[in-house]
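Reviewing the structure listed below.
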């Protein structure tokens, strides 16, 4: 069972909050997050690097709710963003611009200008063309842009192909073989100030070795660049540390940090990391109600009110999430496919789960704090669900459930 989730007299509690009562009070489907879980995970990363200069930059794309960003901003967190919208979210939540790094392969001119105006810490540049755009925009606006180049180290992270980012065939980063020349060119640009070097090889990694292999290549490049007069102030190792969904055994925060610190050796260069999933993933559940039980000759289906538009990961990645009844029953379990109401065969949350169910039961889909709500949509004209933050025995609505009027706002009927 996931962090901060426990069973008391046959009912699931998140921290000290009864999840059956949450479902009754706030309706389903809804996402529920643990404040304690989020803060503990961030603290674990921060403490693992000890006195070595470092900054934990939360990857906003994992879960961008303003309340979660605010909790982390109050801790002094940095933030890894991939859009102008995420930059605006962090600033509204109280995050400091000087603690923000801007990643992503397709930054628009408006986004670059916005980030320069706000004074972000660094752009993680993903192509030579992007470098030229940033330089031109900075000069036109009497700014000097702080940059790191994101290097593609061609390291196999051994993860799902959709979330592997460090191979030559991936769209991310600058080829290792080209990086030296591009750094030297960047050093001569009037609108550019070199701050560091960046690498990110994938997500949901459960072994430290790919991180170490990537850092090894980065350090080779750092030594070469500094011998040619290009100073590197920080090394950004990206994110990617995995969590346990089923039977994975990811390294602890301490093991992860120690593997990197050992490779860094005596160097005191500041290290940046960009965890997202490992901060919020195991701090969230999705509550959903069983609407119908359907029994075919070969299959049993539990049709619930959450769907692929609410949680995309099972459909997109064939991802496995534990699914637990909020109130347990003593009847004999049966194998159920947990499916939603969206008109797609791919609309499922879990398959072949041994469960004792009745219509009206509430289920908790576990470990959905990352890439759950942020990937949700309004497919089939379905309003996005509410988000609730649990703090001990208290609950806070941190996003109201959408209404149909919210979905239709801005649309106009074509005049005939």
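The values are calculated or read from the model by the stated rules, or taken from the named source; none is laboratory data. Computed from a predicted model, the values in this text were never measured in an experiment. We place every Cβ from the backbone using ideal geometry, glycine too, and count neighbours over all the protein chains shown.
Annotations for the structure displayed:
- Filter result for residue 83 (over 20 Å from the mean Cα position of the chain (by Cα), outside the structural domain of residue 356 (by TED's automatic domain parsing), within 19 Å of residue 236 (Cα to Cα) and surrounded by fewer than 23 Cβ atoms within 10 Å (Cβ to Cβ)): no
- Restricting attention to segment 37-58, the residues that are in contact with a helix residue (DSSP H, G or I) (Cβ under 8 Å, 6 or more places away or on another chain) and within 14 Å of residue 278 (Cα to Cα) add up to 11.
- So residue 330, is it more than 23 Å from residue 386 (Cα to Cα) and assigned by TED's automatic domain parsing to the domain that holds residue 386: yes
- Residue selection: residue 20 satisfies the criterion of being at pLDDT 95 or above, in contact with a strand residue (DSSP E or B) (Cβ under 6 Å, 6 or more places away or on another chain) and outside any loop (DSSP other than H, G, I, E, B).
- Remark: pairs (first residue in segment 249-276, more than 27 Å from residue 69 (Cβ to Cβ); second residue assigned to a helix (DSSP H, G or I) and at pLDDT below 95; Cβ separation under 7 Å; 6+ apart in sequence or on different chains) = 259/211; 259/212; 263/212; 263/215; 263/216.
- Test: residue in segment 255-267 that is surrounded by 21 or more Cβ atoms within 10 Å (Cβ to Cβ) and either more than 27 Å from residue 183 (Cα to Cα) or not assigned by TED's automatic domain parsing to the domain that holds residue 200 (or both): yes
- Yes/no for residue 276 being more than 30 Å from residue 226 (Cβ to Cβ) and in contact with a helix residue (DSSP H, G or I) (Cβ under 6 Å, 6 or more places away or on another chain): yes
- Subset of segment 359-386 that is under 17 Å from residue 5 (Cβ atoms) and under 22 Å from the mean Cα position of the chain (by Cα) - its residue that is surrounded by the fewest Cβ atoms within 10 Å (Cβ to Cβ): 366
- For segment 1-17, filtered to residues that are touching a helix residue (DSSP H, G or I) at 6+ places or on another chain (Cβ under 7 Å) and not in a loop (DSSP other than H, G, I, E, B), the residue that is surrounded by the most Cβ atoms within 10 Å (Cβ to Cβ) is 12.
- Total residues in segment 248-291 satisfying the condition of being within 30 Å of residue 353 (Cα to Cα) and outside any strand (DSSP E or B): the figure is 13.
- Condition check for residue 71: surrounded by fewer than 20 Cβ atoms within 10 Å (Cβ to Cβ) and out of contact with any strand residue (DSSP E or B) (no Cβ under 8 Å at 6 or more places or on another chain): no
- Annotation: of all residues in segment 292-318 being assigned to a helix (DSSP H, G or I) and free of Cβ contacts under 8 Å to residues at least 40 places away in the same chain, the one that is farthest from residue 342 (Cα to Cα) is 314.
- Candidates 285, 304 - the one that is assigned by TED's automatic domain parsing to the domain that holds residue 391 and within 21 Å of the chain's Cα centre (by Cα): 285
- Any chance residue 252 is over 19 Å from the mean Cα position of the chain (by Cα) and either surrounded by 21 or more Cβ atoms within 10 Å (Cβ to Cβ) or closer than 17 Å to residue 204 by Cβ (or both): no
- When segment 192-214 is filtered for residues that are surrounded by fewer than 23 Cβ atoms within 10 Å (Cβ to Cβ) and part of a helix (DSSP H, G or I), the ones remaining, listed by number, are 209, 210, 212, 213.
- Of the set (1) surrounded by fewer than 17 Cβ atoms within 10 Å (Cβ to Cβ); (2) more than 26 Å from residue 54 (Cα to Cα); (3) under 21 Å from the mean Cα position of the chain (by Cα), all apply to residue 110 but (3).
- Among residues of segment 89-123, those that are part of a helix (DSSP H, G or I) and out of contact with any helix residue (DSSP H, G or I) (no Cβ under 8 Å at 6 or more places or on another chain), counted: 3
- Sole exception among (1) buried (at least 22 other Cβ atoms within 10 Å of the Cβ); (2) within 24 Å of residue 201 (Cα to Cα); (3) at pLDDT 95 or above for residue 126, by number: (3)
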